[in-house]
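Working notes, structure below.
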Amino acid sequence: MESQLPFYALDDAETATVFVDVVLPIPVQGLFTYRIPRNLEGSIQEGMRVIVQFGARKVYAAIVVHVHETPPGKYTAKYILDVLDAAPIVHPEQLDFWKWIAAYYCCTLGEVMDAALPANMKLESETQVLINPESDWERYEVSDNEYVILEALQAKKTLAIGDIAELLQLKTVMPIIKSLYEKGFLLFQEEIADAYRPRKEVYVRPLFNVENKEFMKDLMEKLESAPRQLDLLLMFLKISKGLERITKKELLKAAGAGATSLDGLVNKAVFELYEEEVDRLQYTQVANEIPVLNPEQKNALQEIKENFENKDVALLHGITGSGKTHIYMELIEEAIKAGKQSLFLVPEIALTAQLIQRLRLRFKDEIGIYHSRFNNNERVEIWNKVLTGQYKVVLGARSALFLPYKNLGFIVVDEEHETSYKQFEPAPRYHTRDGAIFYASMVGAKTLLGSATPSFESYFNAQRGKYGLVNLNNRFGDIQMPEIKIANLRDEQKKKLMKSHFSSVLMAEMKATMEGGGQVILFQNRRGYAPMLQCMECGWTPECKNCDISLTYHQNLKQLVCHYCGYHEDLPKKCGKCGNFSMKMLGFGTEKIEDELGIFFPDRKTLRMDQDTTRKKHSFNKIIQALEDGEADILVGTQMVTKGMDFEKVRLVGILSADQLLRHPDFRAMERCFSLISQVSGRAGRRNIRGKVVVQSYSPEHPIFNFILANDYEGFYKTEINDRLFYRYPPFYKLIKLIVRDKEEKKAQEAASWLSNKLKDELGSRVLGAEAPAIGRIRNYYIRQIMVKIERTKTDIDFVKNHIMMEVENFNKTKDYRGVKVAIDVDPY
């Protein structure tokens, strides 16, 4: 009997069969092994996208992690269906970084891939496609299969990629879809307006020699019977002088002509139209001078360099307005001169609007921006420019950490204390600052953390000598720190001096500031008009039907809205319980403040910056530009206004409710309160004139205000750090939170208790809970939380993490708790 070769052997047995391990953008543990078909051998590298079938019907674009010759032991490897890339789109260092994120934050590699790649780089069989309404595909030659797809889409409008595969009786149609997509004939349903195609511009060029006077005279005479075409020709001759080329759009606009006139000249062989790819990422240049470092900044720069000689991370602790950004730019420039790329991380998209002006002045077209407000066209374009090294500097928020840097040498994490750097939902629940430090260490880059109020974790590491520590104690230009006044709201109310939510102190300062030509920032960390509506007769409050939270009234919508799930309903005219009409709004948000300022200062323009006013792509820029141009006198906002923005005319900052920050149920409440008040105070008086700050509080005797008045971060840190040690909180202990969710409250409680008891069997008193959080139901899921506190040794942390992962895996296999969701959040703060 003739012996058979194993299934993975080649037909000609002279060459080994080649396999790949791939990661799929799905929340499933592990890599998956596929076999490379003969015709694709030698064309696949790590970091490329390949098309694979997963399960019976689903098809995905996967990333190749490893190419090898070892077949899977437990299943027969399916063949790769096709390759999407000619070269890797992800570097090996990125794949290693993804693995670290997955391991440290206890999530799957697929979840990291899903977060890292722009949406248009991920395709799957359920992706819906439709014909691009702007395309004229009938005029072009297409293949038989392409024609069938386009005809089917004309009849059905949209189809899933999987349905198209069935229609054509093919295992995969993604290469065909990709071809139609790149030709501009198709769009993806998820990003109808944004599906990536290189942006193209139509240009006009003459098919004649302008210097040939005889020809030009003859041409003019011929066009006398077509005056509009003649006008268009004359306009082209006028505006094209000194220009390398002119676009169709520019010519038609300048001539005030229609496309028909231009088409007539094209048909007469006077002009030719041609297309070229252009950069869709264009920025406005500003004419500011590049600042010269003062002696203190020069010393700080030198200290940072010295720290970088033996440390990978340094913390720049500089008070607000001390010129930290100037130092960042010097270090970025040095990295560029050394042939390295730099990453400039900021916590809020709003900050990129101001910073890009300064950075572009210095780094010209070598800098790009990357954040979630860009559409997927732009994200893919930036991805490719970073991949090829065209961008030497990237300014961005969290997601910029995942870009494919070719030769990264330097990372700045500005405002490193900000909670916005932490991703809470969905997985991976990573912290950008910590991820940046690890990624930099992987690729041999240096990391500079900057803040006026460093996180306790970073300052603790600097105090222990793990990070370098450099201080900037004076404002740039020798400007004084703002004068801070605490307005006692108890006294104000007793003396009946309050005007709605404004103390007499704040009102007087606002009036004086604006009369003197200055601008005002008012900070209230709550959006909407009123956070609660209540019946004065029985106490009934309208609540969200999906969440255990009261609804917030939004006056611009005339509706009550849930900020957790988006549920909304009309404002009730009477109590939903007792029928009484005595409904009263309690509390106040940014919308109400804006409304009342229109009453108190009718001749002054007010802008509002919160989540409701900044949903659109360019909304940040418009608000910031309006304030910089003096088009507004007052800016009202949530914590967006606290984060590193620099306005020349802002001379007064008002903090309307400091007590709201103090009473937050969180071990970091004091740290965040100190940070927020200090940061928003730092927006005042950043040019020439000393600024003022008014802090309104019912508890002016609270010890934290003494530290704020003295600008004494170190004294505040020393006081608070002792409590952290006593109560076993970071930076002395690590925290891991497990979130258990189910649509049945009883099942959620039982499941969380079961998991908590299992963890306590091995980890003992390290495990706290299960308990319901402050908001025990969100989006119809009841929530229970388990907190684990771990000693800060690598052995302990690794042991506890492994044990948690094992118990969660066992929990997921338990029949009684099928369908119960468990999420793990490492460093949940």
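General observations
- Filter result for the condition that a residue is of a type in the set (Gly, Ala, Ser), exposed (fewer than 15 other Cβ atoms within 10 Å of the Cβ) and modelled with pLDDT of 85 or more, over Ala300, Ala269: Ala269
- Residue under evaluation Pro482, criteria (1) in contact with a Gly (Cβ under 8 Å, 6 or more places away or on another chain); (2) modelled with pLDDT of 95 or more, criterion not met: (2)
- Considered as a group, the residues in segment 567-603 that are farther than 30 Å from Val520 by Cα and not in a loop (DSSP other than H, G, I, E, B) include one that is nearest to the chain's Cα centre (by Cα), and that residue is His568.
- When segment 220-247 is limited to residues that are open to solvent by 30 Å² or more (accessible area, probe 1.4 Å) and touching an Asp or Glu at 6+ places or on another chain (Cβ under 8 Å), the one that is nearest to Phe271 (Cα to Cα) turns out to be Leu230.
- Note on segment 411-430: residues that are out of contact with any Leu (no Cβ under 6 Å at 6 or more places or on another chain) and either closer than 18 Å to Lys446 by Cα or assigned to a helix (DSSP H, G or I) (or both) total 5.
- Members of segment 381-414 found to be within 17 Å of the chain's Cα centre (by Cα) and open to solvent by 10 Å² or more (accessible area, probe 1.4 Å), listed by number: Glu381, Ala397, Arg398, Ser399, Asp414
- Scanning segment 330-360 for residues that are at pLDDT 95 or above and either closer than 14 Å to Phe620 by Cα or open to solvent by less than 20 Å² (accessible area, probe 1.4 Å) (or both) yields Leu331, Ile332, Ala335, Gln341, Ser342, Leu343, Phe344, Leu345.
- Filter result (in contact (Cβ under 8 Å) with a residue 60 or more places away in the chain and either part of a strand (DSSP E or B) or among the hydrophobic types (A, V, I, L, M, F, W, C) (or both)) within segment 532-566: Cys547, Ile549, Cys565
- The residues on offer are Met498, Met481, and the sole one that is closer than 30 Å to Lys298 by Cβ and open to solvent by less than 60 Å² (accessible area, probe 1.4 Å) is Met481.
- Taking the criterion of being among the charged types (D, E, K, R) and either over 30 Å from Asp742 (Cβ atoms) or in contact with a Lys or Arg (Cβ under 6 Å, 6 or more places away or on another chain) (or both), the residues of segment 528-570 that qualify are Glu537, Asp548, Lys558, Asp570.
- Scanning segment 29-53 for residues that are surrounded by 13 or more Cβ atoms within 10 Å (Cβ to Cβ) and either among the hydroxyl-bearing types (Ser, Thr, Tyr) or within 30 Å of the chain's Cα centre (by Cα) (or both) yields Leu31, Phe32, Thr33, Tyr34, Gln45, Glu46, Gly47, Met48, Arg49, Val50, Ile51, Val52.
- Restricting segment 431-452 to residues that are part of a loop (DSSP other than H, G, I, E, B) and at pLDDT 95 or above, the residue that is surrounded by the fewest Cβ atoms within 10 Å (Cβ to Cβ) is Gly444.
- Looking at Leu186, Leu150, Leu167, Leu159, just one residue is open to solvent by 50 Å² or more (accessible area, probe 1.4 Å) and modelled with pLDDT of 80 or more, and that residue is Leu167.
- Within segment 774-795, residues that are in contact (Cβ under 8 Å) with a residue 24 or more places away in the chain sit with their Cβ atoms under 7 Å from residues that are among the polar types (S, T, N, Q), at 6+ positions apart or across chains, in these pairs: Arg779/Asn546; Asn780/Asn546; Arg784/Gln749; Ile786/Ser756.
- Within the option set Glu671, Glu648, being over 25 Å from Ala508 (Cα atoms) and in contact (Cβ under 8 Å) with a residue 24 or more places away in the chain holds for one residue only, Glu671.
- Members of segment 305-317 that are part of a helix (DSSP H, G or I) and either surrounded by fewer than 19 Cβ atoms within 10 Å (Cβ to Cβ) or within 21 Å of the chain's Cα centre (by Cα) (or both): Lys305, Glu306, Phe308
- Within segment 87-113, being surrounded by fewer than 20 Cβ atoms within 10 Å (Cβ to Cβ), part of a helix (DSSP H, G or I) and not aliphatic (A, V, I, L, M) holds for Pro92, Glu93, Asp96, Lys99, Trp100, Tyr104.
- Residue selected from segment 801-819 under the condition in a helix (DSSP H, G or I) and either more than 17 Å from Ile739 (Cβ to Cβ) or modelled with pLDDT under 90 (or both), by the criterion most open to solvent (accessible area, probe 1.4 Å): Lys815
- Of all residues in segment 688-711, those satisfying the criterion of being over 20 Å from Glu492 (Cα atoms) and open to solvent by 60 Å² or more (accessible area, probe 1.4 Å) are Asn688, Ile689, Arg690, Pro703, Asn706, Leu709, Ala710, Asn711.
- Any chance Gly368 is crowded, with 20+ Cβ neighbours inside 10 Å and either within 16 Å of the chain's Cα centre (by Cα) or more than 23 Å from Leu315 (Cα to Cα) (or both): yes
- Meets criteria (out of contact with any Asp or Glu (no Cβ under 8 Å at 6 or more places or on another chain) and assigned to a loop (DSSP other than H, G, I, E, B)) for Ile63: no
- So Ile775, is it within 15 Å of Glu762 (Cβ to Cβ) and either modelled with pLDDT of 95 or more or not hydroxyl-bearing (Ser, Thr, Tyr) (or both): no
- Any hit, segment 95-113, residues being charged (D, E, K, R) and modelled with pLDDT under 95: no
- Selection of segment 57-84 for residues being basic (Lys, Arg) and over 15 Å from Lys171 (Cβ atoms) yields only Lys74.
- Of the residues making up segment 532-553, one or more are under 27 Å from the mean Cα position of the chain (by Cα), β-branched (Val, Ile, Thr) and open to solvent by less than 40 Å² (accessible area, probe 1.4 Å).
- Yes/no for Val505 being out of contact with any Cys (no Cβ under 8 Å at 6 or more places or on another chain), open to solvent by less than 60 Å² (accessible area, probe 1.4 Å), modelled with pLDDT of 95 or more and not in a strand (DSSP E or B): yes
- Top-ranked residue in segment 729-781 [being under 23 Å from Asp816 (Cα atoms), among the small types (Gly, Ala, Ser) and assigned to a helix (DSSP H, G or I); ranked as most open to solvent (accessible area, probe 1.4 Å)]: Ser753
- Residue satisfying all of: in segment 515-531; in contact (Cβ under 8 Å) with a residue 40 or more places away in the chain and charged (D, E, K, R); least open to solvent (accessible area, probe 1.4 Å) among these: Arg527
- Lone qualifier among Glu146, Glu138, Glu151 - being under 24 Å from Arg49 (Cβ atoms) and in a helix (DSSP H, G or I): Glu146
The values are calculated or read from the model by the stated rules, or taken from the named source; none is laboratory data. The shown structure was predicted, so the numbers you read here are calculated from the model rather than taken from an experiment. Cβ: placed from backbone, ideal geometry, glycine included. Neighbour counts: every protein chain shown. Calculation scope for accessible area: heavy atoms of the full protein, side chains included, ligands and nucleic acids excluded. Shrake-Rupley method; radii C 1.70, N 1.55, O 1.52, S 1.80 Å.
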